[in-house]
């Protein structure tokens with residue numbers, strides 16, 4: 001009798017390798033392993049082969065980097081989405097795409113369930129589960145690591161018993177995840193927020209103290225909010241992010257140390273490396289200052305926060321996202337131009353910007369020859385601008401000529417002794 005099928009998000013690591021056999025034994029299901037390349041720097045075909053050796057009846061491996069950049073990274077950049085003003089959301093952006101692609105594979109193979117290797121303590125379980133529930137509510141969700149609650153020693157014993165390949169028996173002191181948009185590092189000594197992250201926690205960025213002694217300038221060009229060229233050379237998304245990561249990382253740009261509020265109610269200390277994301281966000285924001293009106297900029301700030309929260313909280317496939325994206329696309333239609341950045345010892349400083357859509361007009365801003373600003377209009381404007389305040393002062397604050405009376409409540413409780 002044919003068994004039901006389940007699609008497992010498979011990384012090739014200990015947890016998901018053990019999960020293949022565990023699901024077989026616990027749920028009596030045939031496992032189809034799914035792996036996609038989001039720029040994590042792994043050989044996904046080798047991972048696919050390992051999944052088959054581990055017991056999966058089939059394994060799918062595909063390159064999803066362009067999908068990830070065009071439909072996840074660039075929209076989040078256009079929206080200015082930085083969680084709590086710091087985190088460019090690399091891992092959070094990857095999860096809904098992986099889940100969406102897993103649903104597609106489940107449909108193609110007639111699977112009745114999907115599975116992931118997330119623990120019950122982090123945010124990723126929410127991002128996977130909510131996406132599955134949204135796109136395919138009929139599929140059962142299995143989370144082996146969340147269910148079995150084993151120690152690493154128990155996992156290794158299970159692997160040895162069943163002949164499951166384990167690349168290393170010693171666990172890294174850090175827990176890491178990465179894709180093109182960034183790298184996250186946590187656990188170990190990093191759990192003490194007083195301790196400076198050791199140098200071995202970083203892989204993409206040079207220690208700013210050891211970065212080149214000479215600054216380097218780079219020009220980044222945007223078209224309607226999307227990066228399209230570096231130093232005048234047009235590039236596709238993969239090439240551009242890769243170049244930006246190497247360039248900014250060489251100068252120590254992109255290190256983030258963040259006390260983060262997780263969705264599940266825990267404060268955690270998170271270390272991120274995101275050279276390209278930090279560089280591009282800084283440049284993009286500066287181009288917005290040049291091309292967006294004051295009102296649009298200020299309203300955009302609230303949209304950016306809502307957008308970041310939405311991504312972080314696993315609500316990518318919500319109607320609210322559609323609404324925010326509609327605003328973002330409209331908001332970004334004039335955000336085209338070039339920004340010049342100077343990279344030096346961990347900093348990315350804006351030193352120049354230009355755009356055919358610039359709202360900075362030299363003829364209005366200059367105090368020199370060519371000034372077209374009508375200063376004679378200022379007096380009337382000032383009078384109208386301050387009319388409400390001067391009316392209130394005349395009839396309330398300055399009434400009777402005694403000046404404003406500010407009666408403040410005492411900060412000393414009535415029965416407390418007054419100090420000298």
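Values quoted throughout were computed directly from the atomic coordinates according to the rules given, and no laboratory measurement underlies them. These figures come from a predicted structure and were not determined experimentally. Every residue, glycine among them, receives a Cβ derived from its backbone with ideal geometry; neighbour counts consider all protein chains shown.
Between residue 397 and residue 350, the FRET efficiency estimated from the beta carbon spacing at R0 = 25 angstrom works out to 0.05. Compared with the dominant Cα axis of the chain, that is its longest principal axis, helix 90-109 is turned about 40°.
Placing pseudo-labels 7 Å out from each Cα toward the beta carbon at residue 298 and residue 259 gives an inter-label distance of 3.1 nm.
Take 52-65, 243-256 and order them by the average number of nearby Cβ atoms within 10 Å per residue, most first; the result is 243-256, 52-65. In terms of its C-alpha gyration tensor, the stretch 236-329 comes out oblate, because a/c is 1.5 or above while a/b does not outweigh b/c. The label point for residue 367 and the one for residue 382, both projected 7 Å from the Cα toward the Cβ, are 1.6 nm apart.
Helix 124-135 and the long axis of the chain differ in direction by around 90°, with both axes built from C-alpha atoms.
Our estimate of slack between residue 109 and residue 191, defined as 0.36 nm per intervening residue step minus the Cα-Cα distance, is 25.4 nm.
Seen against the Cα atoms of the chain and their longest principal axis, helix 319-331 is set at about 50 degrees.
Springs between Cα atoms under 10 Å define the GNM used for the chain, and in it the highest mean-square fluctuation of 12, 163, 182 occurs at 163. Take each peptide in 127-139, 207-219, count the other Cβ atoms within 10 Å of every residue, and average; sorted highest first, the result is 127-139, 207-219.
Computed with the Debye formula from one identical point scatterer per Cα of the stretch 5-161, without solvent, the log10 of I(q)/I(0) at q = 0.18, 0.19 Å⁻¹ comes to -1.12, -1.23. Once the gyration tensor of the Cα atoms in the stretch 86-154 is diagonalised, the equivalent ellipsoid follows with semi-axes of 21, 18, 9 Å, ordered largest first. Here the calculated FRET efficiency for residue 236 and residue 1, from their Cβ-Cβ distance with R0 = 51 Å, stands at 0.60, rounded to the nearest 0.05. Determine the percent antiparallel among the DSSP beta bridges restricted to the stretch 5-161, to the nearest 5. Approximately 5 percent, going by the DSSP bridge assignments.
Stokes-Einstein diffusion of the chain at 25 °C, 0.890 mPa s viscosity, Kirkwood radius from Cα pairs, rounded to a whole number: 99 µm²/s. Going from the fewest other Cβ atoms within 10 Å to the most, the residues 374, 4 appear in the order 374, 4.
When each of the peptides 188-201, 304-317 is scored by the mean number of other C-beta atoms lying within 10 Å of its residues, the order from highest to lowest reads 304-317, 188-201. For the options 235, 379, 325, a Gaussian network treatment of the chain with springs between C-alpha atoms closer than 10 Å singles out 379 as fluctuating the most.
Its Cα gyration tensor gives the stretch 195-234 an equivalent ellipsoid, and the semi-axes of that ellipsoid, as √(5λ) in whole Å with the largest first, are 30, 15, 8.
Volume per residue for the stretch 122-209 equals 169 cubic angstrom (convex hull of Cα atoms). Taking 0.36 nm per residue of sequence separation and removing the Cα-Cα distance, the residue 49/residue 216 pair yields an extension gain of 55.8 nm. Maximal additional length on extending the residue 360-residue 329 stretch stands at 9.0 nm, based on 0.36 nm per residue less the C-alpha distance.
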